[in-house]
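Step one of this worksheet: look at the structure below.
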Amino acid sequence: MKRIIPGLACTVVFFLLSCTGKETKIPYLWNLSWQLKQNSLESNDLQVLGNLPGGIALSGEKITGPGVFLYLETDRSGKGLQEWGNLKIAELEKMLALYRQIPWWMEPAFPAKESGIPLETQFLLWRRTDGLVGLLLPLIDQGYRINLAGDSAGFTIMADNNCPESEAGLKLRGVYLALGTDPYALIDDAFAMVVKEMGLGKRRAEKQVPRWVESLGWCTWNACYHNVDHEKVIAGLRSFAKGGVRPGFVILDDGWQEARQYGFLKEETYLTGIRENKKKFPAGLSKTVKEAKEGYGVKDFLVWQTFQGYWRGIDPESRQLKKYSTYSSTGRSNRPLNKETAEWVPFQYNTIRPESISAFYSDYHSWLAGIGVTGVKVDNQSNLEFMTYGLGPRTKVMADYRKALEESVDHYFGTASVINCMALGSDVLFQASSSTVTRNSNDFFPEIPESHTKHLVTNAYNSLMTSQLVHPDWDMFQSKHEMGAFHASARAISGSPVYVSDKIGEHDFDLLSRVALKDGRVLRCPDPALPTPDILFRNPLAENVLLKMSNRNEAQGTYVLGAWNCRYEKGRAIEVSDTISLSMIRGVKQDKNYAVYSFKTGELRLRKVSGAWPLRLKNGEFEIYTVSLLDRTVAPLGALKMYNSSGIFSRAGWLDQSTYIAVLKGGAEIGFYSSQKPERVMVGDTPKPVSYDETAKMLRVTADFEGEGEVRLIY
C-alpha cells in the first residue's frame, strides 16, 4: 500500500470534494510541517530532499504550510554566479523538468534521475515511490534568477545576477518546494503562494486578454518572411476574402522596419529608425493598415518589433536614434552555454539603457498608434541578459524593460495588447504584470517534419508552468500544410489565440471552418489546455503513449478531451494504442452521466466518469471528444463540424420543465444528445425541421444565422 503523509488527510478530502464540484474551504496542505534535520529537508517525518549543502536554510526552525521557501545564502567569493550542489530527491520515481534549451524558449524533459535534470530547469515536478507529488519552483530575488541543473551526485541550484560580481552573504528566497497528492492543485497553490508572498507579477486569471484573441488571425511570417511589403499584405487578405474567411487580426511580422544588416544572419541587424521601410511601403504603413481595416474587415492590426529595437539593438550610427542612451556588450554570460545557445548569442550589441527605454517605447508606439496600429508582437525578450551583461542585476534590468513596455502598450493600444515572444525565461514570466499573451514554444517550422509533433508536446507541457502567470500562445500554423489539421485541432482546444501564416493563395478553407465561424470568431476555450494526469511523467515523443489534453468550455458542464499521436521516427510509421477516460478531465462529476461525441468517427455514447475505452491512432492522427454533462434528458454537443464543437455555446440548460434553451455564438449545424425527439425545435422565432437518430439519440438542427442566436428544444 502507498504511504500517505499523516497530515495529508485534508488534501484527500479537498481533492475528492473538488471532483464532485462541491465548494470547500478546507485549506490545501496547511498542516504540513517542514524542518531541516542535519542535511535533509523533512515534511511530517518524511524525507523530501537529502544531501543539502551549507548555505540552504528555512525562515525558521519549523515551518507549517502547504510548501516551504528555501533560502540561499551567497558565499564570500564575490562571483555573480552562485551554486549549491549535490542535492538528492528522496523516494524519487519519475520527473518532469521544464527547462530553457535556448535562452528564450522552454521545453519539457523527462530525466530518469537527478543528474539528468537539464541546465536552466525552471520547473521540476516529480512523483515519489509512495505516490506523492513534489514541486520545485526556482524563483527570482534581489536581482538573481534561480534555476536547477543536474550534477554528478544529484542536482545543483544556481543563482545568477548577470554581473561579474555579487554581494557576499545575501539571503535569497530562492526556491519554493511543495508536496501533495493532486499535481494540478499543487501547482495552482504553489504559484498562488509565490505571487502573494513575494509580490511577483500577477497570475493569469487576474489579467485581461486582448479582444483579438477571440478572432482568427493571419501572420505574415511564414507567408512572406523578410520579403513582406504592402502589396503582399493586401494580396494575402484578398486571398482569404475569396474563400469567405475574414481574419479578425493581422500580425505584420519582421521585415517591415528601417533596419541595417551587418552580417549574414538576421541576428546581425540593427534598427536604424522608428518608421517603415519606404521601399516596401512607399505610401506609408498607414495606407496598409487603413486598407486592411476598411477593405477587408480587419479589426486589429499588430506589428512586430524586438524588445531592444532590433536583434542587435539600435544602430550606433543612426542620427535619429542618438537621443537614446545605449550600452555596448558582446553577449557574455556567467553560465556555461550549451552548443546551440553559444551559436546564437556572441554578437556585438548596442542596447538601449533602462533609463532611456521608456522614452523609446513611447516614441515608437505613439507613432504606430497614430497610424491605426492596435498592438505589437515583441520578440527577443529573454535575450536581454546577453545584451546587458554587467549593466546591473539581471532581474532589475528586466523589470525596468518590462515596466516600460507594459506602460507604453497599455497607454497607446489598450490593456495588454501585446504578444510577448522569445520570453520564456522566469524573469520575464514572473514580471509580466499586465500583459498576458505569451508565445509558449519555439516556432512553427513548416519545412522541418520532426518539429510538428514536438511543437504540440512542448506547448502542452510548458502550459503547466506558463499558464499560471500568462496566457499561452501556441504560435501560427499553415492550414494547407500536410500537418495543418494536426496543428489546427490542437489549437482549437488549447485556449490559445488561433492564427495562421498561410502563403498567399494557399488556404484550406474547409479546415479553417473547423476552427472559426463565418465572421472570423474562433470557438476558444476560456482556459489553457493541460496534459492529462496519466501522462504527466511520460514522454509522448518517445513512449507509446498519446498526447492527451483536456479543457472546459464556457457553457456549464461542457468539456473537450483530445488525443494526438506525437511519435515521430523518419521513415517509420508508429501506431500508438492508449486508453481514454473521462476521469482525465478536471471538474467532471463522478456520479453523473456524460454524452461523449467523437469527432473522428461521429459516434455518440453516454459514459460514466469511471469508465475507460481504448484508442489507437496512426502517425499524425488525432481524435477529439466533446464531453457534455447529461442534464435530465439533454446534453449539448455543439457545432458538429468544428473541432471544439461545444465552444459554440454561451450557455445551455432548461428554461422550464418542457423547454431546453441553448444560446449560440454563431450559426452552424448543431447537435444534441436527447433521450427523445422534441415536439418542436425553434431557431430564434422560427420552427425548424430536425434530424433525429433514435438509436444514437442524436438530434441535429441547422441554425442558419450569423452572430448570436438561440435554439429551443420543446418537449
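Any read-out appearing in this document is the output of simple, stated calculations on the displayed coordinates, not a laboratory observation. Only a predicted model underlies this, so the values are computations on that prediction, with no experimental measurement involved. Quick reminder, even Gly has a Cβ in these numbers, built from the backbone with ideal geometry, and neighbours come from all protein chains shown.
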| For the chain, with equal point scatterers placed on the C-alpha atoms only and solvent neglected, what are the log10 I(q)/I(0) values from the Debye formula at q = 0.12 1/Å, to two decimals? | -1.39
| request: Determine which lysines satisfy two conditions relative to K207: a Cα distance under 17 Å, and not lying fewer than 8 residues away in the same chain. | output: K196, K403
| Summing Lys, Arg as +1 and Asp, Glu as -1, what charge do residues with Cβ under 14 Å from the Cβ of V634 carry, V634 excluded? | +4
| task | Please work out the Cα center distance from the stretch 409-460 to the stretch 310-332, rounded to the nearest Å. | result | 25 Å
| task | Go through the stretch 43-123 and name the trypsin sites (Lys or Arg not before Pro) that are in a DSSP coil and have 11 or fewer other Cβ atoms within 10 Å of their Cβ. | result | R76
| said: Cut-off under 21 Å on the C-alpha distance; same-chain residues fewer than 8 positions from K339 excluded. Which lysines are left, in chain and number order? | reply: K266, K454
| request: For R332 paired with E73, estimate the spin-label separation in nm (one decimal), with each label point 7 Å from Cα along the Cα-to-Cβ line. | output: 2.9 nm
| message | Between Y184 and D704, what's the calculated FRET efficiency when r is the beta-carbon distance and R0 is 41 Å? Round to 0.05. | response | 0.50
| field | Estimated FRET transfer efficiency when R0 is 45 angstrom, pair Q590-E231 (beta carbons, to 0.05) | value | 0.15
| message | As a test of the definition: which semi-axes, in Å, follow for the stretch 532-714 when you take the square root of five times each eigenvalue of its alpha carbon gyration tensor? Largest first, please. | response | 33, 17, 14
| query | For the residue pair N544 and A359, what label-to-label distance in nm results when each label sits 7 Å from Cα along the Cα-to-beta-carbon direction? | reply | 6.6 nm
| query | Using 0.36 nm per residue, how much length does the chain from Q261 to K113 gain when fully extended, once their Cα-Cα distance is taken away? | reply | 48.8 nm
| Sum of side-chain charges, Q101 neighbourhood, beta-carbon under 10 Å (Lys, Arg +1; Asp, Glu -1) | -2
| message | Please compute the length gained on full extension between D519 and S675, using 0.36 nm multiplied by the number of residues separating them and subtracting their Cα-Cα distance. | response | 52.9 nm
| Assuming R0 = 41 Å, what is the FRET efficiency of S598 and S33, from their Cβ-Cβ distance, to the nearest 0.05? | 0.30
| request: Please report how far the C-alpha centroid of the stretch 82-112 lies from that of the stretch 506-520, rounded to the nearest whole angstrom. | output: 40 Å
| task | Write down the Kirkwood hydrodynamic radius of the stretch 390-506, to one decimal in angstroms, obtained as one divided by the mean of 1/r over all alpha carbon pairs. | result | 15.5 Å
| query | 222 nm [θ] for the chain, helices only, -39500 (n - 2.57) per DSSP H run of 4+, per residue, to 500? | reply | -5500 deg cm²/dmol
| query | Separation between the E447 and R211 pseudo-spin-labels, each 7 Å from Cα along Cα→Cβ, expressed in nm? | reply | 3.9 nm
| query | Can you pull out the chymotrypsin sites (Phe, Trp or Tyr not before Pro) in the stretch 251-324 that DSSP calls coil and that have at most 11 other Cβ atoms within 10 Å? | reply | F264
| note | In the neighbourhood of G684 defined by beta carbon distances under 14 Å, the net charge of the other residues (Lys, Arg +1; Asp, Glu -1) is -2
| request: Among the GluC sites (Glu not before Pro) in the stretch 381-481, which ones are in a DSSP loop with at most 10 other Cβ atoms within 10 Å of the Cβ? Mind listing them? | output: E447
| said: Can you tell me the length gained on complete extension of the stretch I63 to R275, counting 0.36 nm per residue apart and subtracting the Cα distance? | reply: 70.7 nm
| said: Going Cα to Cα from K677, which lysines come in below 28 Å? Please leave out same-chain ones fewer than 8 positions away. | reply: K589, K592, K600, K608, K641, K665, K688, K697
